[in-house]
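Read-outs throughout are calculated quantities, based only on the coordinates presented, and are distinct from any laboratory measurement. A quick note: this is a predicted structure, and the numbers were derived from the prediction, not measured. We place every Cβ from the backbone using ideal geometry, glycine too, and count neighbours over all the protein chains shown.
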Amino acid sequence: MSRPGPAVFKTVCAAGASDRPAVDARWTFDLGLRRVFRGDEPVRATLTPREWQVLEALATRAGAVWPEADLESFLRSGGVALTRNAIRIHLCNIRRKVGSGAIQTLPGKGYRIPPQARLIGG
């Protein structure tokens with residue numbers, strides 16, 4: 001079975017993210033227990049260890065913008081060697097599993113956890 005090309009992946013990623021509107025949701029990230037809450041409800045999603053590493057990296061500076069190169073360097077300094085493309089794929093998977101508002105993309109700038117998000121543990 002062949003793998004889908006980049007255009008197919010982008011379509012799948014966008015479709016998964018858009019079916020969970022979360023523009024006004026309050027986000028809480030419990031890094032100690034590795035749980036995510038949208039409002040008061042726990043998000044029933046299982047993130048892989050790599051996805052948690054990416055999410056935790058973003059959470060170290062919640063609200064601050066992480067340029068791709070900085071995120072890649074930060075993860076590499078912690079022993080996680082991911083390419084920029086792999087980081088994009090993990091971000092897409094996190095959005096698909098948790099909700100599109102959990103991670104914001106600022107075009108031409110980078111990624112961030114919403115500034116109003118609460119962080120617990122870690």
Over its alpha-carbon atoms, region 31-122 yields an Rg and a Dmax in Å of 12.2, 34
So Thr83 and Ala69, fully extended at 0.36 nm per residue minus their Cα-Cα distance, gain in nm 4.1 nm
Counting sequence-distant residues (5 or more places) and residues on other chains, those with an amide H built under 5 Å from that of Val43 are Val36, Phe37, Arg38
Quick calc: nm separation of the 7 Å Cα→Cβ label points for Trp52 and Arg76 -> 2.5 nm
The local net charge around Lys109, scoring Lys/Arg +1 and Asp/Glu -1 for residues other than Lys109 whose Cβ lies under 12 Å from its Cβ, equals -1
Mean Cβ-within-10 Å packing, highest first, puts peptides 52-64, 29-41, 86-98 in the order 86-98, 52-64, 29-41
